[in-house]
Each structure stands twice: as structure tokens, then as C-alpha cells.
Amino acid sequence: MSESVSLTHADGRPVFLDTEGKHHPHNGTLLGFWLYLLSDLMIFACLFATYGVLGRNYAAGPSGADLFELPLIAVNTAVLLLSSITYGFAMIALQKRSKRGLIGWLLVTGLLGLCFLGIELYEFAHLIHIGAGPQRSAFLSSFFALVGTHGLHVLFGVIWLLVLCVQVNKHGINRANARRVACLSMFWHFLDVVWIGVFTFVYLMGSLP
Amino acid sequence: MTDPSVHGHDEHHDDDGIPHVSVKEYLTGFVLSVVLTAIPFALVMGKAVPNSIVLAVVLLAFAAVQVVVHMVYFLHMNAKSEGGWNALALIFTVVLVVIVLSGSLWVMHHLNSNMMPGAHDMQEMIKNAP
């Protein structure tokens, strides 16, 4: 239980001084959402560990060096990085209370997210087409599980983003919507952080001889 | 607390729940992450480093720096946000992630090297067979 001592301002308003220190979260939502993201990070850590263990078991099939098209991955990475800065502009529009700016930048971000998914689906379809589907080898199973889970997260992020656009359009920039935009911002940038791991560990290191 | 100078830079939350962000912060993060992404891709695609192991270590180092850049400039992490609980939860998770990753790789590497005889071991086994 927190104890507090009450004083009064000159005009009679009470002043509350927290005796247990002043660094308490004012609003627990962002902290709670951060904890959710960290639990999500554990899922990705398990998938990364699986890939790390199985990623060199090719079962006489193709290896990463044979399959990965780095220019395509570079374009995809650029798209995701661009979407993180456009989300940043959405946050700035939110801070300026610009409803049109917020919805506009959110839609640009969603469009970039869809581009990312399109390129990823093209890559997956190409791999499956040439017989390098998830059932080919342990390497490809763990590859599709890890990269596919990240792609699913991006898909759900895009859905969330579109729903949020409808909400903002209908109710304007209120406290609840601002909180939702801030949570989605953390989600979106978190996906970027996971993608750094994917393109480094899976694609770049997988392409090394 | 109405005096703006009392508000430290670390307090990202206004009373209306909108985090304080700045264009400069986002642009700095973006430029840094573009550079930190372009260099690893250029190193691998240009085959600049012949030694795979050295290159792998360099790639992991770039990734680690870039994760920190994203945390600081995009996720607005610092030791003070949410009264330090953000940072504490992050440290706890990072410890778990390191245990999961390094533990899995270590155990499975030893399992592979002890359970799967290589070509040399096979020759020895055949030679020593009764």
C-alpha cells in the first residue's frame, strides 16, 4: 500500500507527494503492451533457436546459398524500414492532433506492409514452385516457420492498422485512440526489430558459403 | 508540475496519453538503420570478406547495434520510461532469450557431434570392428 502525505497549494488545492518515490507508471497500458511484446519475442526466440539447430540440415536438398535471392530481400528490408519511418510520421501527426495526417500516414504504412507481404508471398510461392517447400528438409521447415510467423505478424499489424483508421475516422483523436496508435507503433517497430534478426541470421548468414 | 522545465526529457507521456516524439528522433533512427542495413547487405552481396566466420561475426555485430538503434529511436526505450519497469522487463527477457538460443545451439551441437559419426569416425569403427 502506498502512503501519501497531503499538503496544500497557496490556493488551497491539495498536493500529493508520494513517499515511495515518484517514478510510477501513470498509465499501465503501454507497460502491459510492452510485456506482451516481450512474450512475443520469446516465441520468436524459440523459432530462431529451431532455425539455428535445424538450419544446416538440408536432407540433400537445396541450401540457403542456393535459394536466397538477396536483391529481393534487400528490397523487402527497404520496404519495411520505410514503413517504420512512415509510422513515425503518423506518430508525429498524432502529436500535432492532425486527423488527416494520422490516417494518411497510417494508410501509407499499411500499403508498405502489404508490399512487404506481397514480396514475401512471391518468394514463398517461388520456393514452393521449384520444389523447395516446407516439407523438403528440416532447414526449409524451420525457415518457413520462422519467416512465415513474422509475415503473419505483419498481416495482423496491417489489419489492426486498417481497423484503427476506421476508429480514428469515426471518433477522432481521443485518448483511447491515441493509446491504440501508440501500442500499434510499438508493435510495428517490434516487427522491424525481429526482421533485423531474420535478414541477418537467416538470409545473410544463410547465404555465406 | 505545470512548469515545462520541470518535465524531464525522459517523460514521454503527457496527461492525454500521447507519447512525446520528435521528427529529429525518427529521422536520426531512420538514417542510422539504413546505413546499418546497407553495409551488411553490401558486404555479403559484394563478397567483400572472404572468411565466412569473420563475416558472420561482423553481421551479428551490425544486427546488435541496429536493434539498439531501433529500441532507442523508434520504441523510445530508456532506463526511465514507465518508471524503469520497461527496462527491467527487457533485461529479464533478454536473459531468457540468450539462455534459450545459446542453450539450444550448445546442446544440439554437442548432440550432433556425439551422436552422428563423421566419415573419419566411421573408418575407425570399421577398422576396429571384430
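Inter-chain neighbour count for A:81-91: the average number of beta-carbon atoms from partner chains within 10 Å of each residue's beta-carbon is 5. If R0 is taken as 35 Å, the Cβ-Cβ distance between B:K47 and A:T149 corresponds to a FRET efficiency of 0.70. Peptides A:28-36, B:49-57, ordered by how many other C-beta atoms sit within 10 Å of their residues on average, highest first, read A:28-36, B:49-57. Shielding by partners for peptide A:179-189, expressed as the average number of C-beta atoms from other protein chains within 10 Å of each residue's C-beta, is 3.
Here the label points at B:V72 and A:E69, each 7 Å from Cα along the C-beta direction, are separated by 3.7 nm in the simple model. The modelled label-to-label distance for the pair B:V95/A:L208, using points 7 Å beyond Cα in the direction of Cβ, is 3.0 nm. In the context of the full set of protein chains, residues of the stretch A:28-204 present 39 Å² of accessible surface per residue (probe radius 1.4 Å, heavy atoms only).
Can you give me the % of accessible surface on the protein assembly as shown that is carbon or sulfur? Probe 1.4 Å, all protein chains present, nothing else counted. Percent of accessible area from carbon and sulfur atoms in the protein assembly as shown: 69.
Each peptide in A:147-156, A:182-191, B:68-77 gets a packing score, the mean of other Cβ atoms within 10 Å over its residues, and the list from highest to lowest is A:182-191, B:68-77, A:147-156. If R0 is 41 Å, the Cβ-Cβ spacing of B:V65 and B:E124 corresponds to a FRET efficiency of close to 0.35. For the stretch B:41-79, a reduction of at least 50 Å² in accessible area between the chain on its own and the assembled protein chains (probe 1.4 Å) is found at B:F41, B:V44, B:M45, B:S52, B:L59, B:H70, B:F74, B:L75. Rounded to the nearest 20 debye, the dipole magnitude of the stretch A:28-204 is 940 debye, with +1 charges on Lys and Arg beta carbons, -1 on Asp and Glu beta carbons, and the Cα centre as origin. With a 10 Å cut-off around each Cβ of A:197-205, the average count of Cβ atoms from other chains is 6. Once A binds B, the 1.4 Å probe can no longer reach about 4400 Å² of accessible area, counting both sides.
In chain A, the longest principal axis of the Cα atoms and the axis of helix A:138-171 are about 40 degrees apart. Normalising the average separation of contacting C-alpha pairs (under 8 angstrom, six or more residues apart) by the number of residues puts the relative contact order of the stretch B:14-93 at 31 percent. Peptide packing: for A:66-72, A:133-139, A:44-50, the average count of neighbouring Cβ atoms within 10 Å per residue gives the ranking A:44-50, A:133-139, A:66-72, highest mean first. Here the label points at A:A176 and A:I43, each 7 Å from Cα along the C-beta direction, are separated by 2.5 nm in the simple model. Helix A:175-197 and the longest principal axis of the Cα set of chain A meet at an angle near 30°. What's the FRET efficiency of A:K99 with B:N114 using the Cβ-Cβ distance as r and R₀ = 56 Å, to the nearest 0.05? That gives a FRET efficiency of 0.35. Between B:T28 and B:S102, full extension at 0.36 nm per residue minus the direct alpha carbon distance yields a gain of 23.4 nm.
The values are calculated or read from the model by the stated rules, or taken from the named source; none is laboratory data. All values derive from a computational prediction rather than experimental measurement. Glycine also receives a Cβ, built like all others from the backbone with ideal geometry; neighbour counts cover every protein chain displayed. Ligands, DNA and RNA are stripped out before the accessible areas are found, and what is left, the full protein with its side chains, is counted by its heavy atoms. Shrake-Rupley method; radii C 1.70, N 1.55, O 1.52, S 1.80 Å.
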